[in-house]
Structures are given as structure tokens and as C-alpha cells.
Amino acid sequence: MHISTTSWHRYMALPAFALFSLFFLLPLIQGAGLSLTHWDGFSTPEFAGLDNFREFFRDERALGDVKTTVLFALGSAPLLNLAGLSLALLLNRSFSGRNTTRALLYMPAVISPMIMGSIWYLLLQPRRGLLALLFEQSGITLEGNWMLSGPSALTVLVLVNVWQYAGMTMIIYLAGLQSIPAELYEASAVEGATGVQTFRYIVIPELLPALKINVITNIIGSLSVFDVIIALTGGGPGYDTESLSIYIMRMCYGNKTGYSTAVALMLFVIILIPVIISLRFFDSMEDAA
Amino acid sequence: MNEHQMTSDARMNRVPHGSDTLHWYSRLMVLIVSLTAAVPFYLLILLAFKHPEGGLQSISIIPDFHLANLTEAWVKSDLGRALVNTTIMTAGGILLLVLLASMAGYSIARVRSRLNRTIFALLLICMMIPGIINTVPLYTLLIRLRGINTYWSMICVMAANALPFSVFLYASFIRAIPRSLEESAIMDGCSFFEAFWKITFPLMGPVTASVVILQGLGMWNNYAQAVFFLQDRAHRNIPLAVSLFFQQYGANWPLMAAAALIGLVPAVTMFLLFQRYFVEGITAGAIKG
């Protein structure tokens, strides 16, 4: 069939590409260029070769932030998936109040993590926080101060993040669970499979797409964590809970703009490695299924 | 009907469907997780409505309903202004995003040219790059373009950041719509663009709802870009206004709680009103992925 109408639908992707080029690709390329310079953000950038990257590997604050960022992700991503899947299994049955429960669990995820972090700050402050006050009223004085030690502050941050986004992860698992045809469960019941066997051989393979999207988004999200840390600890005590993305902002404002773009490229690599590994893993799982 | 199916049917008739009731321990779990989700919000309300008399020590688990905190926080935090700003930037960003992403998705789904495949591949790769990576070079670019403290710069940046995932959603959705619909319109004398606008676009309701909800929420709650690009009081959005209010009034807890409460009300109200669309939107987004 030959159609002799205007064919500019062929180029309908170009406006989107133009916007994307100017506000995403161009800065990305510029950033790669700037990472090779000493630049304070005002004067002319000075070519510096790989100086910034050498500095990065000697910069104890930056390396500490890498550790913080990775530990945050190692805590957050698995816990989020575990909590989300458990909640989805709990809610994958019909009972009265199911929709209300689902809405309640999902509600924290629609709120800005900056505002949610600020709310937890009011509740969790040692001694002055509302929870501490309420405990005091009932005669329990909470000893210790989670904000004074890096590990305990980081643990609190992970828990707050999991509390906020478990409902989001749950919704996606729930959709995956409900797309499993009832016949599959029936068939496995007929074959006399145990609950564990049904879960292993029916539920997990069918949940792969949901698992994939949750794992990938949780890896990217937790490695680029920003708002909740600013709201809750500001990166403290010291720099103990400072994430790499916060460090990038602070270096940019601290007249080390060139260096901050190099740190951003390092963060890019740190995100890309686990994402590619898990994409490969899921591809091989899908081939096997 | 073979023997296997018959036994299966017989079993299903005999065994009552076990999923209509919850065991008592499942009910207990539902109660515990619901409380875990709800209690922080209740505590926030307690704080936000706390009467100044007696100080925070006198807080009880029944709210005071002292409304003056809310009005005072509203006036001092300039949240009204922030609400208008956030609405303008989110609406602008979503409009631009839906227009560009639907056109691009259509072209990519229907025309397999080298240009379109290149654009799509680039977008897919960039889907894995969080915005923070190129924020610093973007900041220097926007200084040169006089884009700091403007609505248009935030609109363009947020739309560009949301483009990869949205184009991906549109493209996979349109691939599932039969071509024959458009072809018959073209036979009747429509141009390709008319066929897109009159036939295909109206069918895109579900995927558009998904894009509007997922990306609109991200734009509404944006902090990581806003903190760079919106620096004056006249342009700040809700997360920025709340965070700056916390820095300013860091001693008055009921006032801080009131500001946080006002800040989360718009998103939560939208969620409660359009709950069904939220769940469907997230689900559609996840399943296509």
C-alpha cells in the first residue's frame, strides 16, 4: 500500500529529543568535560587531566560518603523488597478493610521525602522528640542518642526510608501476584504441591517482572538518596551519614564545581555497576524460566 | 473435558475458597502494619494542634485542636505562595511531558527508522541515570541561560528528567494498539498526524493517567533540583518552603509540625480522591517495565 500523505510523523520524536538533548544530554557531556578541570564555578576552567579523580581516591570525606551511600543501599534495597513482598502476600487475599489498608500503607509514598523526613525529625529527636516525650510521660526515659553515632543514625535513616516506600514496592508486587492466573494455583494444588513448593515454582517465576522493576528502581533510588538525609541528620554526626549526592551539592556550592562533576561521574559508575549486574541476572532468570 | 480437568473442577467445588477469610494472626499482622503506617501521621496532628499552654511536656494523646498554629505557620512560611509555584511548575512540566512523550512514543512505535531507534536506545540508557548526576553542569548552563529562579527552567528540567520512562511507556502502549485503526483513517484521507491526534491519542487515556500520576508526583515533590535552581522566596516550591521554614523556626515544634502538615495535605488529598488511578497508574507503569 502506498500512502502519499505528509510523512512528518517520522520526525515526531524530534521535539522530545531536542528538549532531552538540551536539558539532559548536553549537561551530561559538559559534566564529563568539566570533571577534567579545576573550576570554582566563576572563573575560566583550567584543564587538569585526571587530577580530580586522583583527588577523589585520596579524599577521605568522599570515600566515607561512598561507604555511607553503599551501606544505605545495602540496607534499604533488600529491606524494601522484603517488606514490600511480605505486605503484598499479606494483602493478596480478600478481606474487609483490604482497600483501606492498601491505601494507608501506600500513603507515605505520595509525600515529599523532604517533608516526610522533617516529620520524622520532629518525632525521633533524642530527648526533645515527640516519641521521647510520650515515653517520658509513661515513666520510661529513653537513654542514648542515636544521632551521636554514625551507624545508629544510618540505621534510623534506612528504617525511615523503608517505612516511607514499602507501600510503593508492595503495590507493584501486589499487581504481579494478581496477574498470576488462578489455574496455576489450582494445578499445583492438584499435583499436591506444598505451600513452599507453590511459592518457589509458581509465584517466584511469575513475579520476575515485578521483582526486576522493584530491585532496579530501589537500587537507583537508594544510591542517589538525598532529601531524607538532609531533613533528618543533615549528613551528621560529622560527615557520618553524608551521601555522595549531598557531597556533590556541597562541593558545587563550596567553589569546587569541577571536582563535584568528577564526584558525580563516580556516583554514576557506582550506580551503573549493580544495575547492569542485576539486569544481566534477571535476563538469565527469564531465559531459564 | 479430560480427566485431569474434571478432578480439578471437583476439587474446587469441594474445597471452600480459603482466601475469603483471614486467620487471626494475619488479621493481627494487618492491624500492626496499619498502625505502623498511621501512627506517625497521628502524632504529627497531635503536635500541629498543640496548645502552647504547658509546653510540649503537657502533650496528651488527645489533640488540642488549637488552630492558631496552622494559621501562623501558613503566614510565616509563605506556603500559599509555594503552593501556587508548585502548581504552576507541575502543571507546566506535565503538559510539556505528555505532549512530547506521546508524540515521540507514537513515532517510535510506528516508524522503525534508524533515527527513531537511535533516539529510543539513548533514552533507554538514560533511564538508569538519576537527575543528580548532571545537576551541577545543568546549574552552570542555566546561569548562562538566565534560567535560575524561573518557572520555565524547572519545567524543562523536570520534563526532560521524566522523558525516558514516559516515552518508554507510550511506545510500549502504542505498539499494543492495532495499526489497522490508523490505516483505515489514512485510507479515508487523514494525514498520519491526524490519524495520531484523532484515533490513537484518545486511546491513550490509561497510559497518560499513568504518566501524569507517576511523574506529576515526582515533580510536585521535587527537592534535589529545586534546591539548586529555585533560590529566591518568590519561586520556591513546597518541599523547599517546608525545609527553609524548619531551618528558620527550629525551636517551635508545633509550628514546624503545622507547616509540615500543610505541606503534605495537597498530595495526600489528591491521592485520596484519585486513589484508584494512583494504584492503576503505578501498576500499569510497573507491568510494562
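The values are calculated or read from the model by the stated rules, or taken from the named source; none is laboratory data. These numbers were taken from a predicted model, which means no experiment stands behind them. Using ideal geometry, Cβ is built from the backbone for each residue, glycine included, and neighbour counts are taken over all protein chains shown. Keep in mind that these areas ignore ligands, DNA and RNA; they rest on the heavy atoms of the full protein, side chains included. Shrake-Rupley method; radii C 1.70, N 1.55, O 1.52, S 1.80 Å.
Give me the percent relative contact order of the range B:145-289, please, defined on Cα pairs under 8 angstrom at least 6 residues apart.
34
Considering only B:190, B:209, B:238, whose Cα is most displaced toward the positive end of the charge dipole of the range B:131-289, charges sitting on Cβ of Lys, Arg (+1) and Asp, Glu (-1)?
Highest projection toward the positive end goes to B:238.
Rounded to the nearest 0.05, what FRET efficiency do residue B:233 and residue A:22 have when you use their Cβ-Cβ distance and R0 = 22 Å? Walk me through the numbers before you get to the answer.
Details: r = 28 Å, r/R0 = 1.26.
Using R0 = 22 Å, I get an efficiency of 0.20.
Of A:186, A:206, which has the most accessible area and how do the rest follow, probe 1.4 Å?
Sorted by accessible area, descending: A:206, A:186.
Which of B:101, B:159, B:121 ends up with the largest GNM mean-square fluctuation for chain B, with Cα atoms connected below 10 Å?
B:121
Heavy-atom accessible area of residue A:279 with all protein chains present, probe 1.4 Å, nearest 10 Å²?
Surface accessible to solvent at residue A:279 totals approximately 50 Å².
Ignoring everything except DSSP H segments at least 4 long, calculate the 222 nm mean residue ellipticity for the protein assembly as shown; use -39,500 (n - 2.57) per segment, divide by total residues, nearest 500.
-22500 deg cm²/dmol
Could you let me know the centre-to-centre spacing of the range A:259-289 and the range B:191-213, using Cα atoms, in angstrom?
33
Just to verify a number: FRET efficiency for residue B:45 and residue A:94, C-beta to C-beta distance, R0 = 41 Å, to 0.05?
E between residue B:45 and residue A:94, to the nearest 0.05, is 0.85.
How large is ³J(HN,Hα), in whole Hz, for each residue of the range A:55-62 in order, when computed from phi with the Karplus curve 6.51 cos²θ - 1.76 cosθ + 1.60 and θ = phi - 60°, using x for Gly and Pro?
Taking θ as phi minus 60°, the curve returns 4, 4, 6, 9, 7, 5, 5, 5 Hz for the range A:55-62.
Just to be sure I understand: if you take the accessible area of chain A alone plus chain B alone and subtract the pair, with a 1.4 Å probe, what total do you get in Å², rounded to 100?
Result for this pair: about 8900 Å² buried.
For the range B:48-61, take each phi angle, set θ = phi - 60°, evaluate the Karplus expression 6.51 cos²θ - 1.76 cosθ + 1.60, and give the result in whole Hz per residue in order, putting x for glycine and proline.
Running phi through 6.51 cos²θ - 1.76 cosθ + 1.60 with θ = phi - 60° gives 5, 9, 5, 6, x, 4, x, x, 5, 4, 8, 5, 10, 7 Hz.
Roughly how many nanometres apart are two label points built 7 Å out from the Cα toward the Cβ at residue A:159 and residue A:189?
In this crude label model, residue A:159 to residue A:189 measures out at 4.0 nm.
In sequence order, what are the phi-derived ³J(HN,Hα) couplings for the range A:142-148 according to the Karplus relation 6.51 cos²θ - 1.76 cosθ + 1.60 with θ = phi - 60°, rounded to whole Hz, with x for glycine and proline?
Computed from phi, the couplings for the range A:142-148 are 7, 8, x, 9, 5, 7, 8 Hz.
Amide H to amide H, which residues 5 or more places from residue A:145 or on other chains are under 5 Å from it, using H placed in the peptide plane?
Close amide H contacts, sequence-distant or interchain: none at all.
I want to verify a result. In a Gaussian network model of chain B, Cα cutoff 10 Å, which of these has the top mean-square fluctuation: B:158, B:256, B:127?
Maximum fluctuation in the GNM of chain B, among the listed residues, is at B:127.
Using a Cα-Cα cut-off of under 26 Å, which lysines could be cross-linked to residue B:76, ignoring same-chain neighbours fewer than 8 residues away?
Answer for residue B:76, where 26 Å is the Cα cut-off: B:50, listed by chain and number.
So what is the relative contact order for chain B, in percent, with contacts set as C-alpha pairs under 8 Å and at least six apart? Don't skip to the answer; put the middle values down first.
Values: 265 pairs, mean separation 82.0, N = 289.
Value for chain B: 28 percent.
Which order do B:66, A:9, B:51, B:23 take by accessible area at a 1.4 Å probe, largest first? Spell out each step's value before the answer.
Values: B:66 40, A:9 15, B:51 75, B:23 105 Å².
Listed by decreasing accessible area, they come as B:23, B:51, B:66, A:9.
If you take the C-alpha gyration tensor of chain B, multiply each eigenvalue by 5 and take the square root, what semi-axes do you get, largest first, in whole Å? Don't skip to the answer; put the middle values down first.
Details: eigenvalues 347, 240, 48 Å².
Largest first, chain B gives 42, 35, 15 Å.
Give the long-range amide H neighbours of residue A:37: residues separated by 5 or more places, or on another chain, with amide H under 5 Å away, using H modelled in the peptide plane at 1.01 Å from N.
A:48
Based on alpha-carbon atoms only, what is the radius of gyration of the protein assembly as shown relative to the globular estimate 2.2 N^0.38 Å?
So the Cα radius of gyration is 1.04 times the expected 2.2 N^0.38 Å.
Between B:253, B:74, B:24, where does the largest GNM mean-square fluctuation fall for chain B, given springs only between Cα atoms within less than 10 Å?
Comparing B:253, B:74, B:24 in the GNM, the peak value goes to B:24.
Counting heavy atoms of the protein chains only and a 1.4 Å probe, report the per residue accessible area for chain A as a whole number of Å².
On the way: 12890 Å² over 289 residues.
So chain A comes to 45 Å² accessible per residue, rounded to a whole number.
Residue A:240 accessible area, nearest 10 Å², 1.4 Å probe?
The value for residue A:240 is about 80 Å².
What order do B:136, B:84 take when sorted by accessible area (1.4 Å probe), most exposed first? Walk me through the numbers before you get to the answer.
Working: B:136 5, B:84 80 Å².
Ranking B:136, B:84 by accessible area, largest first, yields B:84, B:136.
Apply 1/(1 + (r/R0)^6) to the Cβ-Cβ distance of residue B:81 and residue B:183, taking R0 = 56 Å, and write down the FRET efficiency to the nearest 0.05.
It comes to 0.65.
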